[in-house]
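Right, one structure below, let's go through it.
No lab work stands behind these numbers, since they all come straight from the coordinates. Being a predicted model, the structure only gives us computed values, none of them experimental. Methodologically, a virtual Cβ is constructed for each residue, glycine included, from the backbone with ideal geometry; neighbour enumeration extends over all protein chains shown.
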2 protein chains.
Amino acid sequence: MNFEDVSLTALRVFRAVAEHGTFTAAAASLGYTQSAVSRQVATIERAAGTQLLQRRREGVRLTAAGLTVLRHATVVLHEIEATARELSGLPPAAGTVRLGWIPSAGAVLLPRALTELSRTDPGLRVVSREGTTPVLVRALRAGSLDLVLLGSAPPFRSPDTETPPLVVETLAERSLRLAVPASHPLARGDFVDVADLRGQRWIAGPSSGEDRLMGVWPGLDERSEIAHTARDWLAKLHLVAAGLGLTTVSAALTPAAPDGVRILPVRGGPQEQRRLLLARLDRPSAQPVARVAAALRAAALDTT
Amino acid sequence: MNFEDVSLTALRVFRAVAEHGTFTAAAASLGYTQSAVSRQVATIERAAGTQLLQRRREGVRLTAAGLTVLRHATVVLHEIEATARELSGLPPAAGTVRLGWIPSAGAVLLPRALTELSRTDPGLRVVSREGTTPVLVRALRAGSLDLVLLGSAPPFRSPDTETPPLVVETLAERSLRLAVPASHPLARGDFVDVADLRGQRWIAGPSSGEDRLMGVWPGLDERSEIAHTARDWLAKLHLVAAGLGLTTVSAALTPAAPDGVRILPVRGGPQEQRRLLLARLDRPSAQPVARVAAALRAAALDTT
DNA sequence: GAAGTTCATGACGATTACGCATAGCAGATG
DNA sequence: CATCTGCTATGCGTAATCGTCATGAACTTC
């Protein structure tokens, strides 16, 4: 079987798998069973004559050939969708930009950039969605997002190691700060000393994988007590406001801190920097995408 | 049924129909029966929700929607083929240019341009094929040719009236000439007077459609005797050499005239001009295509 | 070692796609 | 006017394909 005999269905299934990272999730997103996905992937791999996916316990990873297929598949499927749109008389819909963002970019940068955009480019339509870094990166590679806002911590590795590499731009570099209840003794000054952080109670992020101490000040070698874990920033900050613990927060979130929470720098330890990244594919960006990127860049400068 | 549900097979069939102009010819080129083609076209039209082809007695003609679909289909199919090539480890094969030409461009211009190209761009591969104007234009639109050499006579209408229009460039404008046997009384001078053309025997081209007098000097209102009809230039010119008749020929063919044939201008009538055109789609041309176009342009100037 | 992931696969029913044969239609030809 | 020769459309039977269900195998986590 030749690759030219693949079906569009197989390409769609493959794209969904690439985007969601597992057969099961892809199946759910398509309304198929996992079995159907498995067969379609087997078929397309037979057609390609090579493995396109490395099966690993936690899901799949694209091989080099898989990336090649994905690159072409996104073009093909996009073209089909564009044909359908044109035939139904709709405009080319080239004005819509799809943006992905991590939660910590959603409270300040995103609304500012979008507000500004709606003033300067009222014709531009932006649809956005939140997600974790791996989810957003996969969606970007699968062609279902045009731009992605990501975070990065030292040693500032690239968000993925695939080829071709993503085009990544640093929008801002901010120091990591501490969210402290206004009523807390530590909140009296304009900064906190790292020595005072031992023995505090912490509100951590969801313990996902390696960086399981997200939310706890880095480098505290003593066993820190994690009192609560939460993913949502509003919840985290209100837990802090209620005096239930401390948490780390990017300086960029300062303007969004609710009453009862102070965002303070920490002195005495190594500089803890966090970067906000804007990533896209290495294809030439359409003009509306470039406008949104520019607005995000401007908004990031604004919040300095 | 939505257009997004079309199959690649349907797109391929549709492209073949657009290229060959009839269901039957498309079926033959694909190794299908006419029945299968008819069904696939019906399916894709149902998916598109509109007629894509006007059925006429002599074949089909694309509607506006049909052109839209064709445009996208060529992209999609090209992308699939590129994927197949990449997966089999071959280079992107971006160095191959597909050129179409009408017979009168094949004897002089084509070999000159290709010889020159093989000297200046040895890495460039050109595959070419001969065809009639409508066949070549359809093949160009269907994406199976990159460049097409065409002829044009007054009133120099565009080779087709579809949208988007083809990008057409005039490579040369030559006067129409007369091929005369060297032994013929008319061959004594350096030109022929139009008055002497009455009552001659002619070697015409195949009587296809409107321009059924191709080969006979235009404007001879009397009934001219067509002694032979031939499509092939070598045959035509050797029929002339054997004294079996006269025929018209573009001045560009002069260097290719065999012994026993003189190519002479005709005086006394209106100027009969013929243009050699180079046509391509309105998409931006890849660099190798531009090289070939440049070589053709240069060769056309050379043969002035 | 039990439970919960992951992907793979045999069996089955519904759909689809093809070729064959034939019908319908319009212009050319005698 | 009848026939012939292009063209496309369609009824029918067969063979391949696709998706679900149910189950299995490999592996991590508790």
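Observations on the structure shown:
- Principal axes of segment B:3-87: Cα extent on each, largest first, Å: 43, 27, 18
- In chain A, Cα pairs under 8 Å separated by at least six residues give a relative contact order of 20 percent.
- Whole-percent pair-distance distribution, where bins are 10 Å wide, for the alpha carbons of chain B: 6, 24, 28, 23, 14, 5, 1, 0
- Counting only DSSP beta bridges whose two residues both lie in segment B:163-304, roughly 70 percent are antiparallel.
- Most mobile of B:S158, B:S88, B:S175 in a GNM of chain B (Cα contacts under 10 Å): B:S88
- Stretch in chain B that is longest and holds no GluC sites (Glu not before Pro) that DSSP places in a loop and that have at most 11 other beta carbons within 10 Å: B:59-209
- Peptide B:67-75 is shielded by partner chain Cβ atoms: per residue, an average of 4 of them sit within 10 Å of its Cβ.
- Inter-part distance where segment A:1-73 and segment A:113-168 are each reduced to a Cα centre, Å: 23 Å
- Within chain A, percent of DSSP bridges classed antiparallel, to nearest 5: 60 percent
- Loop-located trypsin sites (Lys or Arg not before Pro) in segment A:71-170 (DSSP state not H, G, I, E or B) with no more than 15 neighbouring Cβ atoms inside 10 Å: A:R157.
- Rounded Å value of the spacing that divides the Cα centres of segment A:277-301 and segment B:224-260: 64 Å
- With eigenvalues of the C-alpha gyration tensor scaled by 5 and rooted, the protein assembly as shown, Å: 70, 25, 20
- Segment B:1-53: mean projected area of Cα convex hull, nm²: 3.1 nm²
- Convex hull of segment B:231-304 built on C-alpha atoms - directionally averaged projected area, nm²: 7.2 nm²
- Taking packing as the residue-averaged number of other Cβ atoms within 10 angstrom, the listed peptides A:261-270, B:178-187 run from highest to lowest as B:178-187, A:261-270.
- Our compactness index for segment B:96-237, the C-alpha radius of gyration over the empirical 2.2 N^0.38 Å, is 1.24.
- Considering only B:I80, B:I44, B:I102, the Gaussian network model of chain B with Cα springs below 10 Å gives its largest mean-square fluctuation to B:I80.
- Of all DSSP bridge pairs formed entirely within the protein assembly as shown, close to 60 percent run antiparallel.
- For chain B, built as a Gaussian network whose Cα springs stay under 10 Å, the top-fluctuating residue of B:G131, B:G89, B:G243: B:G89
- Per residue of B:1-7, other chain Cβ atoms within 10 Å of the residue Cβ number 4 on average.
- Over segment A:1-104, relative contact order from alpha-carbon pairs under 8 Å, at least 6 apart, %: 24 percent
- Global geometry of segment A:175-272, whether rounded, prolate or oblate, following the gyration tensor of its Cα atoms and the 1.5 cut on a/c: rounded
- Value at 222 nm in deg cm²/dmol, rounded to 500, when DSSP H runs of n ≥ 4 in the protein assembly as shown each add -39,500 (n - 2.57): -11000 deg cm²/dmol
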